[in-house]
Amino acid sequence: MIENFWFNVKLGIDHIIDKNGYDHMLFLVVLAVPYVFKDWKRILILVSIFTIGHSISLVLGTYDIVTVNEKLIEFLIPITILITAIYNIFTAGKKDRGNKIGPLFLTTLFFGLIHGLGFARYLDMISDNSLMFLVEFALGIEIAQVIIVFVVLFLGFLCQTIFRFSRRDWVMVLSAIVVGLVIPMIFQSNLLNP
């Protein structure tokens, strides 16, 4: 029982840190880059919103309640990353983004929903699709995301204190790098290249 638990949690962790599916990490980078350690509650809420969206669509996709064209999903995943990165670029250096639900929260939820639908078919092949499995898998996703966000926050802290990057420059440069990595993903998607 406990071995299954850790196996399923590890599967969720591996899903996030898979070097072949680095789109997930890119999204977490652009999600976390505008924040600093004192914003930990807000970023934890954002990460949890992603996990909730991902879990909802995993359940819907795994139990065939919702089916979506894989090519569309493959196209929409980098689009959500691009939207978040561009949002960062245009809001970098602005005063506090506020605590209300805004485009970033909605994009985060949308990305979770989209990414979960894209992964549901794979889960059909590797699991028994029980609700307990999905909860344990989601826990692994949450753990991996918190680790990645911590790394991004730590790197931001180093760059802003040791190398004296302004917060605005840190956000703009990292977001621009992600834009450069995501645009080819969009054009390589099967939706644009049937």
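Once backbone amide H atoms are built at 1.01 Å from N, Val66 has Gly61 as its partners under 5 Å, excluding neighbours fewer than 5 places away on the same chain. Derived scalar couplings between HN and Hα for segment 33-40 equal 4, x, 9, 10, 4, 5, 8, 4 Hz in order, rounded to whole Hz, by the Karplus curve 6.51 cos²θ - 1.76 cosθ + 1.60 (θ = phi - 60°), x for Gly and Pro. For segment 41-54, the Karplus equation 6.51 cos²θ - 1.76 cosθ + 1.60, evaluated at θ = phi - 60°, returns couplings of 5, 5, 5, 5, 5, 4, 4, 5, 4, 4, 4, 5, x, 4 Hz by residue, with Gly and Pro reported as x. Note on surface exposure: Leu60, Leu181, Leu106, Leu46 rank Leu106, Leu181, Leu60, Leu46 by accessible area, highest first, 1.4 Å probe. Backbone amide hydrogens, once placed in the peptide plane, bring Phe165 within less than 5 Å of Gln160, excluding anything fewer than 5 places away on its chain. Take every Cα pair under 8 Å whose residues are at least 6 apart in sequence, average their separation, divide by the length of segment 1-93, and the relative contact order is 36 percent. Restricting attention to the chain, lysine pairs at least eight places apart or on different chains and with alpha-carbon atoms under 21 angstrom apart total 8. Compared with the dominant principal axis of the Cα atoms in the chain, helix 103-126 is inclined by about 30°. Pairs of Cα atoms nearer than 8 Å and 6+ residues apart set the relative contact order; for the chain it is 41 percent. Phi-derived couplings, Karplus 6.51 cos²θ - 1.76 cosθ + 1.60 at θ = phi - 60°, listed residue by residue for segment 154-161: 5, 4, x, 4, 4, 5, 7, 9 Hz, with x used for Gly and Pro.
Taking the C-alpha atoms only, the angle from helix 23-32 to the longest principal axis of the chain is near 40 degrees.
With a 1.4 Å probe and every protein chain left in place, work out the accessible area per residue of the chain in Å², rounded to a whole number.
Details: 10580 Å² over 194 residues.
Accessible surface, normalised per residue, equals 55 Å².
Positive-end ranking of Phe163, Ile65, Ser175 along the dipole of the chain, with charges on Cβ about the Cα centre, is headed by Phe163. Highest mobility in the GNM of the chain, judged by mean-square fluctuation with C-alpha springs under 10 Å and restricted to Gly21, Gly61, Gly118, is found for Gly21.
The alpha carbons of the chain occupy a box of 50, 43, 31 Å along the principal axes, longest dimension given first.
For Phe163 and Ile2 in the same chain, what is the full-extension length gain: residue separation times 0.36 nm, less their Cα-Cα distance, in nm?
Working: separation 161, 0.36 × 161 = 57.96 nm, distance 4.48 nm.
Result for the pair: 53.5 nm of gain on full extension.
The values are calculated or read from the model by the stated rules, or taken from the named source; none is laboratory data. Here the structure is a predicted model, which is why all the values come from computation and not from measurement. When we count neighbours, we look across all protein chains shown, and the Cβ atoms used for this are built from the backbone with ideal geometry, even at glycine. Side chains are part of the model used for accessible areas, which takes the heavy atoms of the whole protein and leaves out ligands, DNA and RNA. Shrake-Rupley method; radii C 1.70, N 1.55, O 1.52, S 1.80 Å.
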